[in-house]
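Asks: Got a structure for you, written out below as structure tokens; questions coming shortly.
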Amino acid sequence: MAGGGDALDLAAIDAKAELTAEEKAALVMSLKNKLEGLVAQHTDVLESLAPKVRKRVDVLRDIQSKHDELEAKFIEERAVLEAKYQKLYEPLYSKRYEIVSGVVEVDDITKSEDETPTEQKEKGVPDFWLNAMKNNEILAEEIQKRDEEALKYLKNITWCKIDDPKGFKIEFSFDTNNPFFKNSVLTKTYHMIDEEEPILEKAIGTEIEWYPGKCLTQKVLQKKPKEGSKDTKPIIKTKDCESFFNFFNPPQVPEDDKEIDEDMAEQLQDQMEQDYDIGSTIRDKIIPHAVSWFTGEAQDEDYDDIILEDDEDNSDEDNSNDDNSDDDEDDEEDDE
């Protein structure tokens, strides 16, 4: 499972738009129980304190309890505020979609004599979502060169909360002229365990209906038959490969826990955390600030953070390059 945060993580109840009186009371009680449980785990520390010091700590605990009650109210009000503004965003997203996709034209646009006939006929903003995602460091790592032609047909990306079960869904709308797959909409749904911490239960993606010979998540490999073989036809095999569209085929937790050993559990957790990181990046960064990512302005705002991360990784760069060289050699052998 993926997720994180401390006992009073403010993201714990992001999925709640409104809370009933019973839910409010339950939330406060949950926070108190969490704190009491933590204290129970460390009773040996409290018992080791001098009586006067322990009395002071008891007062501090009471202050902490009052803080937690205020925090619960903050979480509740923030959820309501987020829901309110999400509705206010929708008309802006609709206008953005209409301009990007060429459904409507902006005012005061005149034809230039210098424009070619193709430029004059061109509508909207070509490759808008592809370039917006490529300018984000996390998504750029997922988008392969061979994915780009298909992502040029991406018309819009939207997201919404879901209540049963708790979580959120991302929708990718494609042009019907897309020659790569039949689906006009690809979705990715994240189900969250509704507890104090935002923990990912599972993710579900759309099964992509690829047209023959257009699948981007697999490579077709041809190998010459061995010398002396009666069969002179080349041997054709398929191999899974890296692609942004693997995002719609997320890692799944086996139903039988006995099938999971320690190494597999660790690997699965890493995969789910990475998958959730991609989904939350699209939801929280790309969709609300798509124009800034398209122009590169959002990328510039994150530039300082990227520099710091690069500096930390420099010490391992040589080893990383050696490993990549080995991987490239293996790929070349497979493609032969």
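The values are calculated or read from the model by the stated rules, or taken from the named source; none is laboratory data. Quick caveat, the model's predicted, so the values are computed rather than measured. In this analysis, Cβ positions are derived from the backbone assuming ideal geometry, glycine residues included, and neighbour counts consider all displayed protein chains. These area figures cover heavy atoms from the full protein model, side chains too; ligands, DNA and RNA do not enter into them. Shrake-Rupley method; radii C 1.70, N 1.55, O 1.52, S 1.80 Å.
Asks: Write out, first by first residue and then by second, each pair whose Cβ atoms fall under 8 Å of each other, whose residues are 6+ apart or on separate chains, and whose first residue, in region 272-284, is touching a residue at least 60 places away in the same chain (Cβ under 8 Å) and more than 14 Å from T158 (Cα to Cα) while the second is open to solvent by less than 50 Å² (accessible area, probe 1.4 Å) and in a helix (DSSP H, G or I).
Replies: Filtered contacts from region 272-284: D275/F247; I278/L139; I278/F247.
Asks: Quick one: which residue in Y276, Y190 is closer than 25 Å to K134 by Cβ, modelled with pLDDT of 90 or more and touching a Gly at 6+ places or on another chain (Cβ under 7 Å)?
Replies: Just a single option satisfies the conditions, and that option is Y190.
Asks: Give the residues of region 168-192 that are open to solvent by 40 Å² or more (accessible area, probe 1.4 Å) and either touching a Ser or Thr at 6+ places or on another chain (Cβ under 9 Å) or of a type in the set (A, V, I, L, M) (or both), sorted by residue number.
Replies: Of everything in region 168-192, those that are open to solvent by 40 Å² or more (accessible area, probe 1.4 Å) and either touching a Ser or Thr at 6+ places or on another chain (Cβ under 9 Å) or of a type in the set (A, V, I, L, M) (or both) turn out to be K169, E171, D175, T176, S184, V185.
Asks: Out of the residues in region 132-153 meeting the condition of being surrounded by fewer than 18 Cβ atoms within 10 Å (Cβ to Cβ) and touching a residue at least 40 places away in the same chain (Cβ under 8 Å), tell me which one is farthest from the chain's Cα centre (by Cα).
Replies: R146
Asks: Shifting gears a bit: Take N156 and tell me if it is part of a loop (DSSP other than H, G, I, E, B), touching a residue at least 24 places away in the same chain (Cβ under 8 Å) and either open to solvent by less than 60 Å² (accessible area, probe 1.4 Å) or under 17 Å from Q144 (Cβ atoms) (or both).
Replies: Judged against the criteria, N156 is not a match.
Asks: Report the residue count in region 201-223 for those that are of a type in the set (A, V, I, L, M) and touching a Pro at 6+ places or on another chain (Cβ under 6 Å).
Replies: Of the residues in that region, 1 qualify.
Asks: Restrict the check to region 97-110 and report whether at least one residue is assigned to a helix (DSSP H, G or I), open to solvent by 100 Å² or more (accessible area, probe 1.4 Å) and at pLDDT below 95.
Replies: no
Asks: Would you call K219 touching a residue at least 60 places away in the same chain (Cβ under 8 Å), touching a Lys or Arg at 6+ places or on another chain (Cβ under 6 Å) and either of a type in the set (D, E, K, R) or assigned to a loop (DSSP other than H, G, I, E, B) (or both)?
Replies: Criteria met by K219.
Asks: Of the conditions (1) open to solvent by 80 Å² or more (accessible area, probe 1.4 Å); (2) touching a strand residue (DSSP E or B) at 6+ places or on another chain (Cβ under 7 Å); (3) modelled with pLDDT under 95; (4) closer than 30 Å to T176 by Cα, Q222 clears all except one; give me its number.
Replies: (4)
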